[in-house]
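Structure first, then comments.
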Amino acid sequence: MANIREVAKQAGVSVATVSRVLNHPESVSATTMELVLATMEKMQYTPNGFARSLALNRSSTIALLIPNILNPLYPQIAKGVEDVAHQKGYNILLCNTEENKEKERDYLDMLIEKRVGGFILTSSQLENKDLQKIKNQNVPFVMVGRNIEDIDANMVFTDYYMGAYQITQHLIEVGYSKIAHITGSLNQIENLEKRRGYEKALEEAGISLQSQYIVEGNNEIEGGYLGAKKLLKSKEKPQAIFAANDLMAIGAIDAIKSSGLHIPEDVAIVGFDDITMAALIEPKLTTISQPVYKMGLIAARLLFESIENGQQEDGFQQKIFLQPKLKVRKSCGHENRVREIFN
Amino acid sequence: MDLSVNFIGLSLKNPILISAGPLTGSGEMMRKAVEAGAGAVVTKTIANEIRSNVRPRLVKGEGGLHNIELYSDFTLEEWEGEIAYAKKHGAIVIANILGHTPSEIAYIAQKVERYGADAIELGVSCPHGEGLEGVASEPSALYEFTKAVVKRVKIPVMVKLSSNVANVVKLAKAAEKAGAAAISGIDTVRSIAGVDIETGQALLPTFGGYSGDAIRPIGLAAIASISEATSIPACGIGGITKHEHILEYMMLGASTVQVCTSIILNGHEHIGLLLDGLRGWMTQNGYESFDEIKGKALTSLKSFEEIKEEPYVSQVNEGCSISLCEKCKKACIYEAIEWTDGQVTVNPQRCTGCGLCVSICPQGIFELNWKD
Ligand SMILES: Cc1cc2nc3c(=O)[nH]c(=O)nc-3n(C[C@H](O)[C@H](O)[C@H](O)COP(=O)(O)O)c2cc1C
């Protein structure tokens with residue numbers, strides 16, 4: 001028995017068109033309708049999702065596991081995944097792992113049982129042995145973000161170390177030497193990587209590290225708020241603060257403003273991620289743009305290639321690295337507008 | 001004369017390619033270009049992520065065209081159909097692709113190869129939309145990008161260069177070393193379209209790229225340097241408006257050329273005019289293949305050290321019949337040109353043989369000769 005994608009291919013139309021024939025026939029031209037219906041009949045296609053997934057042993061659903069939907073970074077990944085999945089006639093199951101290994105494992109078991117067509121695992125905490133389980137079931141998967149273990153899988157990732165290094169170096173270029181860092185939760189490697197990038201940039205510029213200038217936040221707005229308050233109390237207040245994500249930078253901006261200080265004149269602030277809000281708040285936030293939407297697109301592309309063609313013919317593991325990019329706006333106190341224009 | 005050429009393993013019916021741009025933005029557009037006679041088409045830049053194009057984005061300036069256009073509006077998946085369509089209609093399709101890291105661009109390369117592209121052109125040299133430094137403007141970065149793509153695909157890989165770089169030769173060599181099959185250039189030249197001085201507003205709201213007639217000398221210089229420095233074929237781009245310009249590029253070492261702006265401005269039938277002109281000139285001059293003219297002018301390029309100092313001065317060949325023109329007199333920096341009773345004369349004592357009058361005179365009455 002054929003599936004919707006095979007019907008679409010045979011009829012020479014998109015999956016979305018076949019789906020419209022089934023669900024919104026009024027939106028399809030008569031000729032297309034006739035063509036699609038004839039193809040369905042010829043290929044003995046039954047438009048019953050459940051029956052079809054039984055027959056195929058796999059459903060037209062893929063699972064996207066992300067740490068936390070409340071972090072504005074992850075909806076962008078989801079959008080990238082969806083933009084490709086929709087073209088392919090798949091829908092998405094979204095699961096929040098909350099960076100909890102057990103929860104992630106539970107989801108994995110549940111989803112394998114549901115016979116999802118494939119997985120996209122974002123900032124996964126899983127170990128090789130967990131992933132072996134997915135492989136044993138022959139379910140294709142793609143990792144987004146690097147894992148602690150060296151995992152043998154298709155993967156899309158960016159370089160947190162490089163991003164943090166770039167933005168710290170930018171602060172040094174603007175002319176600051178007292179530069180503080182509000183880290184993210186330090187049980188995540190990405191936050192350790194960011195701290196390492198920050199330290200490396202200072203070290204290269206001959207600026208000695210000061211422990212009072214490094215405070216741990218919790219990835220959320222409050223963490224940034226509290227972190228900045230604490231930094232403002234230090235004996236010599238910092239000239240600039242690098243928050244490990246934009247949410248914390250927004251919290252820090254709030255803290256600085258509420259202390260009656262001005263940004264960037266009294267304290268400059270920069271973030272990481274480039275969430276939509278970063279370009280809207282006052283002052284506009286200088287940050288590191290993570291190509292998250294693109295990561296979602298590519299992850300989905302890799303996944304559908306595996307679903308459609310099985311493994312790469314040459315067994316090639318796709319490890320696609322995307323470059324983080326400095327976005328210069330107002331909050332860093334950079335006077336040189338040409339950098340902003342060329343963002 | 002048979003215009004066909006073999007370029008990076010592709011048999012082209014002629015050496016004129018339509019370059020990456022709005023004329024190759026879809027299968028339909030590529031079909032049109034091929035039906036109008038193009039030897040091959042280079043797709044609009046294909047990327048992972050669509051960035052929608054702003055409006056307006058084109059301004060015709062005095063010497064050329066300014067654009068702030070970015071990449072293709074089609075998704076990567078949609079390009080499968082577009083390439084297939086163009087190929088079904090007989091197009092030889094070179095996919096112009098962009099990625100921001102070696103692994104990303106290699107991924108796209110492998111995709112377009114599967115879609116049936118005959119070759120790849122790396123579009124990593126656009127002067128706008130990618131920061132002040134561009135995507136891969138350092139030789140080491142360009143090497144990594146090219147290498148990653150060459151390793152991943154079987155079809156030939158051409159690398160498109162920009163003149164907005166410190167040393168185009170280093171870049172060309174890096175691409176060659178990484179296994180590029182050819183170098184093409186140039187991409188547009190970073191520009192600002194102008195300022196409306198009444199309102200104090202720039203004509204287009206950001207930095208863009210300049211193309212057309214005005215950039216041809218820049219393109220010629222790039223191609224001559226690239227041809228001298230590498231042993232892979234070069235594809236000349238920039239300001240080709242007449243068939244003579246194609247010959248100029250070829251005489252400076254190009255095997256093929258790409259055209260964009262003059263076709264945008266004059267329509268697809270202009271491709272036919274270029275082809276007719278090219279065929280006519282070659283036949284008239286008794287050439288049977290482009291190999292006979294390729295690189296012919298390169299030997300005429302010398303270092304300053306090699307240029308002999310000769311005692312040239314300007315002389316008037318015949319009388320001038322445009323009495324009110326006086327362009328020569330106004331432009332003579334050395335006040336050597338005199339007009340008396342409607343007659344032009346050059347004072348050989350004052351003339352320094354700079355040669356400006358020779359190219360400025362609409363009637364061509366001046367000639368450089370050795371001073372008596
Ligand atoms: C409107 C416009 C859009 C262009 N888009 C692209 C592009 O997507 N990718 C690319 O590599 N070059 C692009 N180009 C550059 C052209 O391919 C070409 O390199 C340049 O215009 C010089 O050639 P010309 O003087 O014949 O136009 C574009 C040029 C124009 C005018």
- Query: Is there a residue in the range A:267-276 that is under 19 Å from the mean Cα position of the chain (by Cα), surrounded by fewer than 24 Cβ atoms within 10 Å (Cβ to Cβ), more than 14 Å from chain B (Cβ to nearest Cβ) and modelled with pLDDT under 95?
  - Reply: yes
- Looking at the range B:62-78, which of the residues that are within 12 Å of chain A (Cβ to nearest Cβ) and in contact (Cβ under 8 Å) with a residue 12 or more places away in the chain is nearest to the ligand (Cβ to nearest atom)? B:I68
- Message: Condition first: more than 16 Å from the ligand (Cβ to nearest atom), among the aromatic types (F, W, Y), more than 14 Å from chain A (Cβ to nearest Cβ) and closer than 29 Å to B:S184 by Cβ. Can you find one or more residues in the range B:288-301 that meet it?
- Response: yes
- Item | Candidates B:G238, B:G209, B:G277, B:G200 - the one that is away from the ligand (no atom under 15 Å from the Cβ) and surrounded by 13 or more Cβ atoms within 10 Å (Cβ to Cβ) | B:G277
- Item | Residues (surrounded by fewer than 18 Cβ atoms within 10 Å (Cβ to Cβ), at pLDDT 95 or above and farther than 26 Å from B:E104 by Cα) located in the range A:174-198 | A:G175, A:S177, A:K178
- Note on the structure: B:Q110 vs (1) under 25 Å from B:L17 (Cα atoms); (2) of a type in the set (S, T, N, Q); (3) under 19 Å from the mean Cα position of the chain (by Cα); (4) away from the ligand (no atom under 16 Å from the Cβ): all pass except (3)
- Condition met for B:A109 (over 28 Å from B:V189 (Cα atoms), of a type in the set (A, V, I, L, M), in contact (Cβ under 8 Å) with a residue 40 or more places away in the chain and within 14 Å of chain A (Cβ to nearest Cβ)): no
- Task: Consider A:Y176 carefully, then state whether it is assigned by TED's automatic domain parsing to the domain that holds A:A244 and assigned to a loop (DSSP other than H, G, I, E, B).
- Result: yes
- Message: So the check is Cβ under 6 Å with 6+ separation or different chains; which pairs have a first residue in the range B:204-217 that's touching a residue at least 24 places away in the same chain (Cβ under 8 Å) and small (G, A, S) and a second one that's part of a loop (DSSP other than H, G, I, E, B) and more than 6 Å from the ligand (Cβ to nearest atom)?
- Response: B:G208/B:I68; B:G208/B:H128; B:G209/B:P127; B:G209/B:H128; B:S211/B:G64; B:G212/B:G64; B:A214/B:G63; B:A214/B:G64
- Query: Taking only pairs six or more apart or across chains, which ones have beta-carbon atoms under 8 Å, a first residue in the range B:220-240 that is under 10 Å from B:V257 (Cα atoms), and a second residue that is part of a loop (DSSP other than H, G, I, E, B)?
  - Reply: B:A234/B:G253; B:G236/B:L252; B:I237/B:S19; B:I237/B:I186; B:I237/B:D187; B:I237/B:C260; B:G238/B:I186
- Query: Regarding B:Q201, is this residue over 23 Å from B:D2 (Cα atoms) and over 18 Å from the mean Cα position of the chain (by Cα)?
  - Reply: yes
- Message: Which of the strands (runs of 3 or more DSSP E) found entirely inside the range A:241-342 contain at least 3 residues meeting this: hydrophobic (A, V, I, L, M, F, W, C)?
- Response: A:268-270, A:319-322
- Run down B:V169, B:V189 and say which single residue is within 12 Å of the ligand (Cβ to nearest atom), in contact (Cβ under 8 Å) with a residue 60 or more places away in the chain and in the same structural domain as B:T45 (by TED's automatic domain parsing). B:V189
- Message: Please go through the range B:30-61 and give me each residue that is away from every other protein chain (no Cβ under 14 Å), closer than 14 Å to B:A95 by Cβ and not hydroxyl-bearing (S, T, Y), ordered by number.
- Response: B:M30, B:A40, B:V41, B:V42, B:K44
- Message: If B:A224 satisfies all but one of (1) among the aliphatic types (A, V, I, L, M); (2) within 16 Å of the ligand (Cβ to nearest atom); (3) in contact with a helix residue (DSSP H, G or I) (Cβ under 9 Å, 6 or more places away or on another chain), what's the number of the condition it fails?
- Response: (2)
- Note on the structure: When the range B:131-142 is checked residue by residue, the ones that are without any contact (Cβ under 8 Å) to a residue 24 or more places away in the chain and either within 15 Å of the ligand (Cβ to nearest atom) or hydrophobic (A, V, I, L, M, F, W, C) (or both) are B:L132, B:A136, B:A141
- Residue list for the range A:127-156, restricted to those being touching a Leu at 6+ places or on another chain (Cβ under 8 Å), assigned to a loop (DSSP other than H, G, I, E, B) and closer than 13 Å to A:L111 by Cα: A:P140
- Message: Name the single residue that is nearest to A:N343 (Cα to Cα) among those in the range B:118-142 being out of contact with any Phe, Trp or Tyr (no Cβ under 9 Å at 6 or more places or on another chain) and surrounded by fewer than 23 Cβ atoms within 10 Å (Cβ to Cβ).
- Response: B:G134
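The values are calculated or read from the model by the stated rules, or taken from the named source; none is laboratory data. Everything numeric in this text was worked out from a predicted model, so none of it was measured. Glycine also receives a Cβ, built like all others from the backbone with ideal geometry; neighbour counts cover every protein chain displayed.
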